[in-house]
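The values are calculated or read from the model by the stated rules, or taken from the named source; none is laboratory data. Just so it is clear, the model here is predicted, and its values are computed rather than measured. Cβ coordinates were reconstructed from backbone atoms using ideal geometry, including for glycine residues, and neighbour counts include every protein chain displayed.
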Amino acid sequence: MELEPRYDPHAHEQAIYQTWLDAGCFTPPKEQPPGSKPFTVMIPPPNVTGVLHMGHALNGTIQDIVVRFRRAQGYDTLWVPGTDHAGIATQAVVEKKLYAEEGKTREDLGREAFLARVFDWKEQHGNIILEQFRRLGASCDWSRTAFTMDAELSAAVRESFLRLWKKGLIYRGARLVNWDCVLQTAVSDDEIENVERKGKLWYLKYPVAGQAGRFLTVATTRPETMLGDTGVAVHPEDERYGDLVGGHVELPFTDRKIPIVADETVDPKFGTGAVKITPGHDPADYERGQRHQLPVINILNKDGTLNDEGQQFAGASREQARKDVVAALEQLELLEKIEDIKHSVPLSDRSKSVIEPLVSEQWFVKMGELAEPAIRAVNEGKLQFRPERWKKVYLDWLEGVHDWCISRQLWWGHQIPIWYDEDDVPCGSATDLKVGDPHPETGKPIVRQDPDVLDTWASSWLWPFATLGWPNKTADLERFYPTQFLSTARDIIYLWVARMIMAGYEFADHLPEEQRCAFAVCNIHATVLDAKGKRMSKSAGNGIDPLDVIAEYGADAMRYSLIMLTREGQDVRLSENRFEEGKRFTNKIWNAARFVLMNLDKGRVAELSGAALQVEDRWILSRLAAVTDEVTDDLENYRFNDAGTTLYRFVWNDFCDWYLELAKTRQGQDDDSGAAARGVLSRVLTDTLGLLHPFTPFQTEVLWKALHEALGREAEQLLAVTAWPTAEGLERDVQAEERLNLMQDVVGAVRSVRALTGVAERKPLTAVLSTPDAATAAVLEEARAQLLGLGHLSELTIGRDLERPANSAAAVAGGLEVFVPLGEDVDTAKLKEGLTKRVEKLGKVIMSTSKKLENPGFLKNAGEDAVAEERAKLAEFETESSLLQRNLAGL
RNA sequence: GGGCCAUUAGCUCAGUUGGUUAGAGCGCCACGUUGACAUCGUGGAGGUCAGUGGUUCGAAUCCACUAUGGCCCACCA
């Protein structure tokens, strides 16, 4: 297999993915392998209408790294993919299409026909995002792809509803709900975004009843709602209005006299200190109305226009009514003044229209009891948030949780399993009632099912176990639940994460209490921002499309870059050139592998110990052992970018910069030493590919195959299912590490002399290495061949306390003087300048270090090792400084 | 109003329990290189670690306050 000199991801990615699929790599075996532990991850199901964005790409990468790592470690690993039916979003898409193409509304089609259309649409377009996850390399078990409206999940939804009903946790209430006038449905508190806007504060004068000529002025941002006023409130201790409490005002445009009441919640400093009470259209007023037994008047139709309560304004839109009411009041001289004000306005997440608080009949779930075990689980550490700070956010929400309004006035979704008899008595305690059946409690015939559907989250909160077969006690459920890891975005901690945890405790009843928590670790990933620090979003048009990135840089490069620039949960500004890093790195790996593949012994397994191993061999194997342990530890603790950094340094700075260069000195050598080098290359590449695989799965799989071909054998299996590398059999070799460090010092010293003297890089130099230490001299003597082989030097003299040759420059490294004879073209002034600068810097460092060593506190508290280290450092600095000064004097 | 996060090189970010001469990548400058890799190599310039005060022998790191930016929750007549 010929490898191209530059890695071309597009030549490989699709074929490799297909290979994985064909081999069934992502599907766990039918029977759990003996002794293995399960490791399960549930994908946060994206909306069926969704397309992949950077957040998905990041989160997909995180999950895939974890899953591939655990799979390699031998866990019985399952990653379940799927999509969410996303009630409002999907219905809106199909309605829009229907109107655009056929000019029809959903009512024109009728419920059944419309739903058929939505299912059609889902069949055709609903898998786009899952296809995109494949492009990313996600190793999901596609045979288990789930959808929140599948028959199985629908059955689970009905079962869960029935259980809640039987426990009395579901109730119907006339409540003020957040009404979306565009989508004409109730939405939950969590689907609302409050946006700061400029508005106006109108001061309306209400005539005081029975006191002609006296007015009570109220301030409001929504004058049109005055038609629904049923009272006016003032603070009980507000002296201005004390005499009015108990009296009434006459509400303009109506014949209503409404009471003036005293209420603690009124802020005397805001506006006039008097507030109109509109229980039908304001949550705070609703509460006030309840306290003072005021009637609730709804002045709006479901589409946001004024109903008959709107008097002469009936039929107008909210916006129009506002203008008309203000104009009419002005004419009656009941408008005192208008002020500019900033206030926040509730907008619907979905339609971006202004939310209207509206009294209507809705179904709710009591949350208090459900929240308790979910709070306990996190407090007791059964579930860990990463980063940990989200624990507090989660707990704060649960501790003040509101009841959950679960009914939605839509067609697309799980129709609420509640049936009514002819007297409208509801029943939710059976899952399979039909029209005509007797009502289980009243015995009267059922006449209809509730037309509303359930909130989308009422199905996705069952996701971790409903996708495994719940409520049936399936083998899958037994084997793969509870799950180990969940990674998701912070904005659904309340909507989804908290509810899944509640559902786990409430419904996973076949398990002992301690195993009911839906997952063990909840990772909240970074938010991807654009280069200006704004959140990427489709509407803002500032997003970078992951598919474009894959097209330009390759999936592996994108994965690696995303991981490297998103430290644990920390937001990140993303600009496209960040992907260069990943591309360069994948290319570096590719070329390192190419070099290795050109230098392998077919069919021969080299010993990785013994006399044939050179110091660099023992060094790189020692580094490999350290890196293997480090990366394993990082991944086990979900420190992805630490693992990525470690691998980057190892591959680039150790393996490529040093080992490959040193190995070249033995390239093609047909003896034990040459064979040893080739054996080491093979081992290091093999393990490195394994360690890198979770990050860059496509490329490492390609190289894995090429490596085995070059070795003259078939790979036993795909890298995707090969065991995770371990440091077993590799020795940490401190001596080899020290020796290599010394060699690196020498080369560093030579380079710095070159830089100082301007002697060209490849121009051969003669060097004299002088050391006071016999052991060091011996080590260097051993390394002579390698040092010369690196190409920096043409001749080398090694000895103890050698004299500085005439007309030479010197550098110091590790207590070692390196003299390099100077040619005639050397700029002595520049050399002097450089050396002086270095001496100056050393002077400063020596000063601060000796100060530290004179510090009694440091000597007392820092520990022996630290003190010894500082002493050694100081000695080194002093040696270097004096040697340099001596050399400087001789110039 | 309550809470969270950030502020380190021109840019994007590391810096694990306080103790190396504060790092990396990109960008910039100089030089080099065509048998793994120009998606390369070597060297360099560039930082009073947002500010102030405190704790400590010692603070980018811990504490308090301030400033700027971002996010979340609550309220908003």
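Taking only the stretch A:669-699 into account, find how many residues are closer than 30 Å to A:Tyr17 by Cα, in a helix (DSSP H, G or I) and of a type in the set (Ser, Thr, Tyr).
3
Would you check if there is a residue in the stretch A:476-484 being part of a strand (DSSP E or B) and closer than 25 Å to A:Asp64 by Cα?
Yes, the conditions are met somewhere in the stretch A:476-484.
When you go through A:Gln311, A:Gln362 one by one, which is the residue that is touching a Ser or Thr at 6+ places or on another chain (Cβ under 9 Å), assigned to a helix (DSSP H, G or I) and within 30 Å of A:Leu227 (Cβ to Cβ)?
Every option except A:Gln311 fails the conditions.
Test of understanding: among A:Leu21, A:Leu3, A:Leu52, which residue is of a type outside the set (Lys, Arg), touching a Phe, Trp or Tyr at 6+ places or on another chain (Cβ under 8 Å), within 22 Å of A:Leu562 (Cβ to Cβ) and in contact (Cβ under 8 Å) with a residue 12 or more places away in the chain?
So the residue among A:Leu21, A:Leu3, A:Leu52 that is of a type outside the set (Lys, Arg), touching a Phe, Trp or Tyr at 6+ places or on another chain (Cβ under 8 Å), within 22 Å of A:Leu562 (Cβ to Cβ) and in contact (Cβ under 8 Å) with a residue 12 or more places away in the chain is A:Leu52.
Considering only residues of the stretch A:184-222 that are of a type in the set (Gly, Ala, Ser) and under 54 Å from the mean Cα position of the chain (by Cα), which is farthest from RNA strand B (Cβ to nearest atom)?
A:Ala186
Can A:Leu183 be described as in a loop (DSSP other than H, G, I, E, B) and within 30 Å of A:Cys427 (Cα to Cα)?
When the stated conditions are applied, A:Leu183 passes them.
Would the stretch A:319-332 turn up any residue that is surrounded by fewer than 18 Cβ atoms within 10 Å (Cβ to Cβ) and part of a loop (DSSP other than H, G, I, E, B)?
Yes, some residue in the stretch A:319-332 is surrounded by fewer than 18 Cβ atoms within 10 Å (Cβ to Cβ) and part of a loop (DSSP other than H, G, I, E, B).
Taking the residues in the stretch A:573-589 that are outside any helix (DSSP H, G or I) and surrounded by fewer than 17 Cβ atoms within 10 Å (Cβ to Cβ) as candidates, determine which candidate is farthest from RNA strand B (Cβ to nearest atom).
A:Ser575
Can you find even one residue in the stretch A:282-291 that is in a loop (DSSP other than H, G, I, E, B), within 13 Å of RNA strand B (Cβ to nearest atom) and crowded, with 17+ Cβ neighbours inside 10 Å?
There is at least one residue in the stretch A:282-291 that is in a loop (DSSP other than H, G, I, E, B), within 13 Å of RNA strand B (Cβ to nearest atom) and crowded, with 17+ Cβ neighbours inside 10 Å.
Do we have A:Thr645 as within 16 Å of A:Thr586 (Cα to Cα), within 11 Å of RNA strand B (Cβ to nearest atom) and part of a helix (DSSP H, G or I) here?
Answer is yes for this residue.
All but one of (1) out of contact with any His (no Cβ under 7 Å at 6 or more places or on another chain); (2) within 15 Å of RNA strand B (Cβ to nearest atom) hold for A:Val266; state the number of the condition that does not hold.
For A:Val266, the failing item is (1).
Looking at the stretch A:263-285, I want the residues that are farther than 23 Å from A:Glu239 by Cβ and have a partner that is near RNA strand B (Cβ under 9 Å from one of its atoms) and at pLDDT below 85 with Cβ atoms under 8 Å, at least 6 apart or on another chain. Which pairs are those?
Going by the 8 Å Cβ cut-off, the qualifying pairs are A:Ala284/A:Thr265.
Among the residues of the stretch A:801-818, are any within 30 Å of A:Ala829 (Cα to Cα), β-branched (Val, Ile, Thr) and surrounded by fewer than 21 Cβ atoms within 10 Å (Cβ to Cβ)?
The answer is no, given that none of the residues of the stretch A:801-818 is within 30 Å of A:Ala829 (Cα to Cα), β-branched (Val, Ile, Thr) and surrounded by fewer than 21 Cβ atoms within 10 Å (Cβ to Cβ).
Identify all residues within the stretch A:262-271 that are closer than 15 Å to A:Val245 by Cβ and out of contact with any helix residue (DSSP H, G or I) (no Cβ under 8 Å at 6 or more places or on another chain); write none if there are none.
A:Ala262, A:Glu264, A:Val266, A:Pro268
Name the residues in the stretch A:613-642 that are of a type in the set (Ser, Thr, Tyr) and within 16 Å of RNA strand B (Cβ to nearest atom), would you?
A:Thr632, A:Tyr638
Quick one: how many residues across the stretch A:541-572 are of a type in the set (Asp, Glu), more than 17 Å from the chain's Cα centre (by Cα) and surrounded by fewer than 16 Cβ atoms within 10 Å (Cβ to Cβ)?
Going through the stretch A:541-572 one residue at a time, the tally reaches 2.
Tell me, which residue of the stretch A:414-464 that is among the basic types (Lys, Arg) and part of a loop (DSSP other than H, G, I, E, B) is surrounded by the most Cβ atoms within 10 Å (Cβ to Cβ)?
The extreme case among them is A:Lys444.
Going by what's in this entry, would A:Val651 be described as within 27 Å of A:Leu793 (Cβ to Cβ), in contact (Cβ under 8 Å) with a residue 60 or more places away in the chain and under 32 Å from the mean Cα position of the chain (by Cα)?
Criteria met by A:Val651.
Looking at the stretch A:1-114, what helices (runs of 4 or more DSSP H) fall wholly within it and have at least 3 residues that are touching a Ser or Thr at 6+ places or on another chain (Cβ under 6 Å) and farther than 24 Å from A:Asp180 by Cβ?
A:54-72
So which of A:Ala755, A:Ala706, A:Ala760 ends up being touching a helix residue (DSSP H, G or I) at 6+ places or on another chain (Cβ under 9 Å), closer than 23 Å to A:Lys664 by Cα, modelled with pLDDT under 85 and not charged (D, E, K, R)?
Only one candidate qualifies: A:Ala760.
Answer yes if at least one residue in the stretch A:860-883 is within 12 Å of RNA strand B (Cβ to nearest atom), touching a residue at least 40 places away in the same chain (Cβ under 8 Å), out of contact with any Ser or Thr (no Cβ under 9 Å at 6 or more places or on another chain) and of a type in the set (Val, Ile, Thr), and no otherwise.
yes
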